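Asks: Following this message is one structure expressed as structure tokens.
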Ligand SMILES: C[S@@+](CC[C@H](N)C(=O)[O-])C[C@H]1O[C@@H](n2cnc3c(N)ncnc32)[C@H](O)[C@@H]1O
């Protein structure tokens, strides 16, 4: 923690979980340097610009919320660079960061990672076999998101639980061949209704996705941080697998949803 930053007040705290409410650009600087093993970030996509998509057979607005509006290419990039730089300070020397996004934001995040001297380990294609159809029929149907995985230091020794990925059980992934190496395309459906029984978040990630990446790149007892925690999927996966969780979100309602989901464990 820099000498000038005052520790932020937790919105919620328990044995292995602390949640903060506010702009991550204000909260991250108050957390201690080199204290986090792994960061998963699902930042604003910058795609909520009044377009339409298809959901349940109906045309619906693509808008996720004001937090997702683009401020223009330059400002969006500066925002991503700023939070990624703070994440770099928080990571332990062998720590890694995952960033999830679409073509609207992932190139800016990838460039910021390179700019800030991270070492990119993988870009994972998360294929959604149940993605919504394309309404315009004028281009391909978007059916994946990209996850970048990067190490803080060029020469760091990051955690990769190779055997767990190779021999683990992934019954819902039609692309994973049992007993063979885990490849960089993961087939995981969007969250089922059973994962939304405590309330809705417009961009909730499936637990299967977070389970997989935490099992791959952390060990029990590790500290996991999510600066854009949303409905708390990362927290749920972290606690289910005996990791410690720190989550940040601007919106108190989403933090309440996180608390409700965590209480189900
Ligand atoms: C893409 S969603 C994350 C969804 C999450 N992965 C889940 O599974 O529910 C991004 C979240 O970041 C929050 N957010 C946006 N800008 C933020 C900022 N500057 N600081 C903290 N949270 C922010 C939004 O409220 C939203 O919940």
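Asks: Out of all the residues in the stretch 30-58, which are under 28 Å from residue 103 (Cα atoms), within 14 Å of the ligand (Cβ to nearest atom) and modelled with pLDDT of 95 or more?
Replies: Pass one, the stretch 30-58, residues under 28 Å from residue 103 (Cα atoms): 36-58.
Add one more test, that the residue is within 14 Å of the ligand (Cβ to nearest atom), and what stays is 39-48.
Answer for the stretch 30-58, where residues must be under 28 Å from residue 103 (Cα atoms), within 14 Å of the ligand (Cβ to nearest atom) and modelled with pLDDT of 95 or more: 39, 40, 41, 42, 43, 44.
Asks: Report, by residue number, each residue of the stretch 191-212 that is over 19 Å from residue 226 (Cα atoms) and away from the ligand (no atom under 11 Å from the Cβ).
Replies: In the first step, residues of the stretch 191-212 are kept if they are over 19 Å from residue 226 (Cα atoms); the result is 192-194, 196-199.
If the condition is that a residue be over 19 Å from residue 226 (Cα atoms) and away from the ligand (no atom under 11 Å from the Cβ), then 192, 193, 194, 197, 198 are the ones that fit.
Asks: A follow-up question, please. Does residue 220 count as near the ligand (Cβ under 8 Å from one of its atoms) and closer than 20 Å to residue 94 by Cα?
Replies: Numbers: near the ligand (Cβ under 8 Å from one of its atoms): no; closer than 20 Å to residue 94 by Cα: yes.
Taking the combined requirement at face value, the residue does not satisfy it.
Asks: Another question about this same structure. Considering each of 236, 257 in turn, give the residue that is within 12 Å of the ligand (Cβ to nearest atom), under 26 Å from residue 183 (Cα atoms) and assigned to a helix (DSSP H, G or I).
Replies: Details: 257 fails: under 26 Å from residue 183 (Cα atoms).
Result of the check over 236, 257: 236.
Asks: Let me ask something additional. Just checking, does the stretch 80-94 include any residue being at pLDDT below 95 and over 27 Å from residue 242 (Cβ atoms)?
Replies: Going through the stretch 80-94, the residues at pLDDT below 95 turn out to be none.
No: zero hits.
Asks: Also, quick follow-up: Being part of a helix (DSSP H, G or I), over 16 Å from the mean Cα position of the chain (by Cα) and more than 28 Å from residue 137 (Cβ to Cβ), is that true of even one residue in the stretch 94-111?
Replies: Checked against the condition, which is being part of a helix (DSSP H, G or I), over 16 Å from the mean Cα position of the chain (by Cα) and more than 28 Å from residue 137 (Cβ to Cβ), the stretch 94-111 yields at least one hit.
Asks: Applying the selection to the stretch 175-233, what residues are over 17 Å from the mean Cα position of the chain (by Cα), under 23 Å from residue 152 (Cβ atoms) and touching a residue at least 40 places away in the same chain (Cβ under 8 Å)?
Replies: Once the filter is applied, which keeps residues that are over 17 Å from the mean Cα position of the chain (by Cα), under 23 Å from residue 152 (Cβ atoms) and touching a residue at least 40 places away in the same chain (Cβ under 8 Å), the stretch 175-233 yields only 219.
Asks: Checking residue 72 against (1) at pLDDT below 95; (2) surrounded by 14 or more Cβ atoms within 10 Å (Cβ to Cβ); (3) closer than 23 Å to residue 147 by Cα, which single condition isn't satisfied?
Replies: All conditions pass for residue 72, except number (2).
Asks: Can you name the number of the only condition in (1) touching a residue at least 12 places away in the same chain (Cβ under 8 Å); (2) out of contact with any helix residue (DSSP H, G or I) (no Cβ under 9 Å at 6 or more places or on another chain); (3) more than 16 Å from the ligand (Cβ to nearest atom) that residue 169 fails?
Replies: Result: residue 169 fails condition (1) only.
Asks: Say we look at the stretch 239-252 and pick out the residues that are in a helix (DSSP H, G or I) and touching a strand residue (DSSP E or B) at 6+ places or on another chain (Cβ under 8 Å); which of these is farthest from the ligand (Cβ to nearest atom)?
Replies: 239
Asks: Consider the stretch 184-200. How many of its residues are out of contact with any helix residue (DSSP H, G or I) (no Cβ under 6 Å at 6 or more places or on another chain), part of a loop (DSSP other than H, G, I, E, B) and surrounded by 14 or more Cβ atoms within 10 Å (Cβ to Cβ)?
Replies: The number of residues fulfilling the criteria is 3.
The values are calculated or read from the model by the stated rules, or taken from the named source; none is laboratory data. Just so it is clear, the structure is predicted and the values come from calculations on it, not from any experiment. All Cβ positions, even for glycine, are placed from backbone atoms using ideal geometry, and neighbour counts span all protein chains on display.
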